[in-house]
């Protein structure tokens, strides 16, 4: 029996860890991001993110892995910020700057219309 490849393993893990639709929206909102912001991170439209959050559509393949990862990272960052607020209000500014840097670093450049996909 063939083993699960790394790509397939990542997809299975993402499928198992992707939060339910109502949590997807809550995580995004707690992080202070719009659907458009998350769409930029994933390289999809705002409407597509809206469908994911409404449970009308579920991402697949690499997009599923990226979406689950973005939500996990946002959830972790929000929890870190909340902990920092409780401990040290000055650390919040540093963490918010880190979030901005991560968002800027994760943005996916949109493909030109009609571009061939590999």
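Every number in this text was worked out from the coordinates using simple rules, so none of it is lab data. Since we're looking at a predicted model, the values are computed, not measured. Cβ: placed from backbone, ideal geometry, glycine included. Neighbour counts: every protein chain shown.
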Simple spin-label estimate for residue 100/residue 62, 7 Å along Cα→Cβ, in nm, reads 3.0 nm
Hey, could you grab the Kirkwood Rh for the range 6-106? Inverse mean 1/r over distinct alpha carbon pairs, Å, one decimal. 14.1 Å
Roughly speaking, what is the stretch gain from residue 23 to residue 82, that is 0.36 nm per residue apart minus the C-alpha to C-alpha distance, in nm to one decimal? 19.5 nm
Taking 0.36 nm per residue of separation between residue 45 and residue 89 and subtracting their Cα-Cα distance, the length gained on full extension comes to 12.4 nm
